[in-house]
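**Q** I'd like to ask some things about the structure below.
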There are 2 protein chains.
Amino acid sequence: MIPLEEARARILAGISPTPAETVALAAAWGRVLARPVMARLTQPPADVSAMDGYAVRAAEASAGARLAVIGEAPAGHPFAGRLGPGQAVRIFTGALVPPGADAILLQEDATALPGAVEVTETVTRGRWIRRQGLDFAAGEELLPSGRRLTARDIGLAAAANHPWLNVHRAPRIGILATGDEIALPGEPIPPGGIVSSNAHALGALVRAAGGDPLILPIAPDDTDAIAAAATAARACDMLVTTGGASVGDHDLVQAALGPQGFALDFWQIAMRPGKPLIWGRLGQVPLLGLPGNPVSALVCAVQFLLPALGRMQGQAASGPRTIRAVAGADLPANDRRYDHLRAQLAGGEAGLPVATPYPVQDSSMLKTLARAEALILRAPHAPALPAGAEVIVVPLGDLGI
Amino acid sequence: MIPLEEARARILAGISPTPAETVALAAAWGRVLARPVMARLTQPPADVSAMDGYAVRAAEASAGARLAVIGEAPAGHPFAGRLGPGQAVRIFTGALVPPGADAILLQEDATALPGAVEVTETVTRGRWIRRQGLDFAAGEELLPSGRRLTARDIGLAAAANHPWLNVHRAPRIGILATGDEIALPGEPIPPGGIVSSNAHALGALVRAAGGDPLILPIAPDDTDAIAAAATAARACDMLVTTGGASVGDHDLVQAALGPQGFALDFWQIAMRPGKPLIWGRLGQVPLLGLPGNPVSALVCAVQFLLPALGRMQGQAASGPRTIRAVAGADLPANDRRYDHLRAQLAGGEAGLPVATPYPVQDSSMLKTLARAEALILRAPHAPALPAGAEVIVVPLGDLGI
């Protein structure tokens, strides 16, 4: 059994980012930049008015002064002339400040007269003018490679005049559930069997993390069936199997895939839930063999598959996002296996959220996992902790996982 | 100008959840349940083994005892007979416990012999048996209406034998950017004009919140063009416009839509950025008119459009998610407008994250908004606060907004 962190480091070391593809700006939300976005223009392109009012020369615009209004400048319709002495131009937010003007008189600080305007509040030079380049300058890097694009980033890339963006191709993840005892929802359930939940839960997790799941037909516990299904995954960026990884007599994934060119790296991790985990390579394709138990499979996916999906999309190699919390109950000392306690999360008085483990942690309880808001991480041999002690948790609600 | 909370309450009061549609389980991730998911079966369906080992009668399985192995029970292949005195059945994780057995002897606590097994560690009754219904019982409500489905929920719904789920239809949101001065990325930019970022930023935000954006062609500042575009939005669940909402002479959205049957509810909110905001109804279609300024438009979308999208998907009427933080700098007293300071978020020693506002908060700075990790909320007339004081923030990284 190898330690969890070592297992994750070996998995991430075996994974490369997918190459770039070009997508339309409108399709780029949630994708990860493969190249930085540089500003293609300067914003604002020249000095513009920050408010509705009058473009004036500040030196002339003292309270009581009267200025001739010689034209107007709505946004998108620059005033063609130049401001002379004693003159003003009616101006609107975002419009270019006409040459000769050096400040904006707010419309609420002015009285409109026929062909003129009277200043009711003295103006200072530069007031209400947004300088050329206040937001960004042409050539500036606005968004770095590796950035997962938010709605705000899409707005910034649009403003910088990018109709297309280069992003990492969504990693295609083949998902192969194995087992004689499982059936898909709505299909006949074999005697003593259960409904298969792993493939679609993992498919959703892959989608939540920006990947493209390819769900393969269930393979019965039969070396030929598993070998055949595995060949279907050759076009994937990774093959994820569930089941068939433990020490029992009926564990076949390793036996079935050997003749297909499978090279094992390791297959047991000191963690709970989820000890039996296969990592290796099927030809060129990385293969992650998760346990058949649905709770174990999902916890292992959070620890290994999510970081792998991030890495495949060009993000830094790291574990799942963690936050600090305080234990909502006494925690017993841990044994040699890295543990993941399914827990509720509530707001705490002291600032940190309170993570309270469910009283029964049986690894078959999918309902408890679905309701859990966090996994409390317990390192091997962690000492007992009293309620109120600080713990590290993986928040599960984030990203729809 | 009406207060922000009143504006949001009036908007949410005017919105109904979309009706249900049936989607395949594999397409349901991120959707919101319109009906609860009830368990269609009991899980586990009967008592099953939690480990690999031997099904035994605990009373006979003391250290040193030798039992005859009369068959085996892999998962999905229940043992057909009944366990008699002095007998054991080889069993694997997830397999049904054969009638007559009342405990599992772990394989690591046993020595396999030809046709028999020797107990090396005494077994207690019920040990390593998962009882029928430990996870859930047929008929039990597993997931409530209004739940946005996570990957774990998809797994739970699968395990409960649901190939289809009933979810709220993704709300279709028409998005209409207006203005003579704007052009889409990559298209010719008019003199004094800028590249339009609002429509695609808002489209991404709608997508991030589970909606279906319909981006309408840009309408110039012309009542006929705006009126024509608005008719295209009749099939939407909501029309969102940007621009044309302020008090300047060139604000046309209200003028253009009146003859189309637009009924205004309110149009000015005491907030910054974002004072001019239109809310009303175009025939049956709710209409939200956002400011043309991209930062104002996005901040208003966080405060009003996101909650509206949640409500349309059957979620509770509430504002955006907020968290507690401490101010990373002194904050000045606020005026009468609800303010949203763009801020960085960093881990704090005391537990709460530290929210530090950017020094320049000009509402034209889209780059600052894109880099911001949170909006510090400042209520009208909030007093000055020293660095280190507690504040409430909207975390922006969540959900890809």
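**Q** Normalised by the residues of segment A:291-362, what does the relative contact order come to in percent, with Cα pairs under 8 Å and at least six apart?
**A** Result for segment A:291-362 is 24 percent.
**Q** So, how do all the Cα-to-Cα distances of segment B:35-154 break down into 10 Å bins, in percent, from 0 on up?
**A** Spelled out bin by bin, segment B:35-154 gives 14, 40, 22, 14, 9, 1 percent.
**Q** Now, a different point. Pull up the DSSP beta bridges for the protein assembly as shown and report the antiparallel fraction as a percent, rounded to 5.
**A** In the protein assembly as shown, DSSP labels about 70 percent of beta bridges as antiparallel.
**Q** Let me know the whole percent of all Cα-Cα pairs from segment B:197-308 that are separated by more than 24 Å.
**A** 15
**Q** Once label points are set 7 Å from the Cα along Cα→Cβ at both B:THR22 and A:ASP224, what is their separation, rounded to one decimal in nm?
**A** Placing both labels 7 Å along Cα→Cβ, they lie 3.7 nm apart.
**Q** While we're looking at this one, here's another question. To the nearest µm²/s, what D does Stokes-Einstein give for chain A at 20 °C and 1.002 mPa s, using the Kirkwood radius over alpha carbon pairs as Rh?
**A** Stokes-Einstein gives a translational diffusion coefficient of 84 µm²/s.
**Q** Also: So what is the relative contact order for segment A:115-259, in percent, with contacts set as C-alpha pairs under 8 Å and at least six apart?
**A** Once normalised by length, the contact order is 23 percent.
**Q** Additional query: Taking every pair of distinct Cα atoms and averaging 1/r, then inverting, what Kirkwood hydrodynamic radius in Å comes out for segment A:323-400?
**A** Result for segment A:323-400, one decimal place: 12.5 Å.
**Q** So for chain A, taking the charge dipole from beta-carbon charges (+1 Lys/Arg, -1 Asp/Glu), which of A:ALA68, A:HIS200, A:PRO190 sits furthest toward the positive end?
**A** The Cα lying farthest towards the positive end belongs to A:ALA68.
**Q** Also: Assuming 0.36 nm per residue, please report the length gained on full extension of the stretch A:ALA59 to A:GLU118 beyond their Cα-Cα distance.
**A** Full extension of this stretch gives 19.8 nm more.
**Q** Based on Cβ point charges of +1 for Lys and Arg and -1 for Asp and Glu, what charge dipole magnitude is obtained for segment B:48-130 about its Cα centre, in debye rounded to the nearest 20?
**A** On the way: 7 positive and 8 negative charges, 55 e Å.
The calculated dipole for segment B:48-130 is roughly 260 debye.
**Q** Tell me what chain A gives for mean residue ellipticity at 222 nm when only DSSP H runs of n ≥ 4 count, each as -39,500 (n - 2.57), the sum divided by the residue total, rounded to 500 deg cm²/dmol. Write out the running numbers ahead of the final one.
**A** Working: 8 runs with 64 residues, N = 401.
-4500 deg cm²/dmol, from helical runs alone.
**Q** Just to confirm the filter: which GluC sites (Glu not before Pro) across segment A:320-401 are DSSP coil and have at most 14 other Cβ within 10 angstrom of their Cβ?
**A** A:GLU349
**Q** Rounded to the nearest 20 Debye, what is the dipole magnitude of the protein assembly as shown about its Cα centre when Lys and Arg each give +1 and Asp and Glu each give -1 at the C-beta?
**A** 20
**Q** So, one more: Note down the nm distance, to one decimal, between modelled labels 7 Å out along Cα→Cβ at B:ILE392 and at B:ALA13.
**A** Output for this residue pair reads 2.0 nm.
**Q** Are there any trypsin sites (Lys or Arg not before Pro) in segment B:281-323 that are in a DSSP loop and have at most 16 other Cβ atoms within 10 Å? List them by number.
**A** B:ARG321
**Q** Of A:GLY115, A:PRO144, A:ALA157, which is farthest towards the positive pole of segment A:102-172's charge dipole, taken about the Cα centre with +1 and -1 on the beta-carbons of Lys, Arg and Asp, Glu respectively?
**A** A:PRO144
**Q** Across 10 Å bins from 0, what is the distribution of all Cα-Cα pair distances for segment A:272-401, in whole percents?
**A** 13, 41, 34, 11, 2, 0
**Q** Computed over the Cα atoms of the protein assembly as shown, what is the ratio Rg over Rh, Rh following Kirkwood? It would help to have the intermediate numbers written out before the result.
**A** On the way: Rg = 31.4 Å, Rh = 29.4 Å.
Expressed as Rg/Rh, it is 1.07.
**Q** Here's a follow-up. Simple spin-label model, 7 Å along Cα-to-Cβ: A:ALA68 to A:GLU108 in nm?
**A** 3.1
**Q** Once the other residues with Cβ under 12 Å from the Cβ of B:SER318 are scored (Lys, Arg +1; Asp, Glu -1), what is the net sum?
**A** That sum, taken over residues with Cβ under 12 Å, equals +2.
**Q** List the trypsin sites (Lys or Arg not before Pro) in segment B:86-191 that DSSP assigns to loop (not H, G, I, E or B) and whose Cβ has at most 16 other Cβ atoms within 10 Å. Which are they?
**A** B:ARG125, B:ARG131
**Q** Nearest 5 percent is fine: what portion of the DSSP beta bridges confined to segment A:323-400 is antiparallel?
**A** The answer is about 90 percent antiparallel.
**Q** Also, quick follow-up: Which value, in debye to the nearest 20, gives the size of the charge dipole of chain B about its Cα centre, when Lys and Arg are +1 and Asp and Glu are -1 at the Cβ?
**A** 780
**Q** Which one of B:ALA58, B:GLY86, B:PRO45 has its Cα pushed farthest toward the positive end of the charge dipole of segment B:17-121, where Lys and Arg give +1 and Asp and Glu give -1 at the Cβ?
**A** Value computed over the given set: B:PRO45.
**Q** OK, next. Would you mind getting the Kirkwood hydrodynamic radius of segment B:115-181 from its Cα pairs, rounded to one decimal in Å? Before the final figure, lay out the partial values.
**A** Numbers: mean 1/r = 0.0563 Å⁻¹.
For segment B:115-181, inverting the mean 1/r across all distinct Cα pairs yields 17.8 Å.
**Q** Could you tell me what a quarter of the Cα convex hull surface of segment B:84-206 works out to, in nm² with one decimal place?
**A** Values: hull surface 63.2 nm².
Averaged projected area of segment B:84-206's Cα convex hull equals 15.8 nm².
Read-outs: derived from the displayed coordinates by stated rules, not from any lab. Worth saying up front: this structure is predicted, and the values here are computed from it rather than measured. So basically every Cβ, Gly included, is an ideal-geometry build from the backbone, and we count neighbours across all protein chains shown.
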